[in-house]
Amino acid sequence: MPGGTMSALLLRVFSELGGGSVPPEPGGVNAAGFGVPVLLQGPPGSRKSGLLFMAAVLAAEEGAGPVVFLSRESLQEVPRGGRAARDPLILKKIRFVYPPSLRELLHFFSSLHVASPFPSLILLDGLERYLPSTGSLTDGAHLSALMLDSASHLRCGLIVSAVPNSDGSDSAFTAVERYFPNHCLLCPVMSAETEERQFRVNFPSQHLQWDLHVEQDRGLRISLTGSQEDKSPNSEAKDKT
């Protein structure tokens, strides 16, 4: 598939939240527009909605084409973090759609081929709200295949956020995890030094690691923690020699 991966767009978000400490991939957002979809996973409170919203704004600012933001519920607040000065009219370049059920979500993706113009980027926030805990692997596989096939056919970017399955059982979401080729994980970090919430950003396709800080006023910022190579078993063995 031409272009980079959708990880480039998330890296742009991390770079802005980190004050430029995160090096973006070459080519900017437009180069990621035809890339590999990403599944962004994290527990409740990890501000996945805010990260997806910032990704939508960055894509809209760069004029990559129509941007679609899907969610079962409307955003309650605009996330704080990154550049303070933004053109308020940029939100008019983002189409917010709120499918109320799994059936309506399936209908949205199945009818994308008749949309005009085609979206350049689709962001789906809160996939777990559409997949019941009693859903089967077949349900998850059907939805995943429809989303990925639609994005591939339209040559548009796709980023989906979700709360991961925590009980370890095979469910509809298990199939989603298997279908998506690229994952970004937000893992809680326990810290007694601050009252803010902190999440380690685990991006297997990247060598660097970062921490996402959710401040008391719900603002977001990113700090660089090192490279994954520094924390690998091989590197630890080298340190001991």
### Message
So in the range 113-132, with the set limited to residues that are modelled with pLDDT of 90 or more and assigned to a helix (DSSP H, G or I), which one is nearest to Gly157 (Cα to Cα)?
### Response
Leu127
#### Entry: Test result for Pro88, modelled with pLDDT under 90 and open to solvent by 50 Å² or more (accessible area, probe 1.4 Å)
yes
### Message
Restricting to the range 97-112, name every residue that is polar (S, T, N, Q) and part of a loop (DSSP other than H, G, I, E, B).
### Response
Ser101, Ser111
### Task
Please work out if Tyr179 is free of Cβ contacts under 8 Å to residues at least 60 places away in the same chain, open to solvent by less than 40 Å² (accessible area, probe 1.4 Å) and within 17 Å of the chain's Cα centre (by Cα).
no
### Task
Go through the range 155-185 and give me each residue that's among the hydroxyl-bearing types (Ser, Thr, Tyr) and more than 17 Å from Val201 (Cα to Cα).
Ser166, Ser169, Ser171, Thr174, Tyr179
### Query
Restricting the search to the range 137-163, which residues are open to solvent by less than 50 Å² (accessible area, probe 1.4 Å) and outside any helix (DSSP H, G or I)?
Cys156, Gly157, Leu158, Ile159, Val160, Ser161, Ala162, Val163
### Task
State yes or no: is Leu17 open to solvent by less than 20 Å² (accessible area, probe 1.4 Å), in contact with a Lys or Arg (Cβ under 7 Å, 6 or more places away or on another chain), over 17 Å from Ser223 (Cβ atoms) and at pLDDT 50 or above?
no
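The values are calculated or read from the model by the stated rules, or taken from the named source; none is laboratory data. Since we're looking at a predicted model, the values are computed, not measured. Using ideal geometry, Cβ is built from the backbone for each residue, glycine included, and neighbour counts are taken over all protein chains shown. Surface areas here come from the heavy atoms of the whole protein model, side chains and all, with no ligands, DNA or RNA. Shrake-Rupley method; radii C 1.70, N 1.55, O 1.52, S 1.80 Å.
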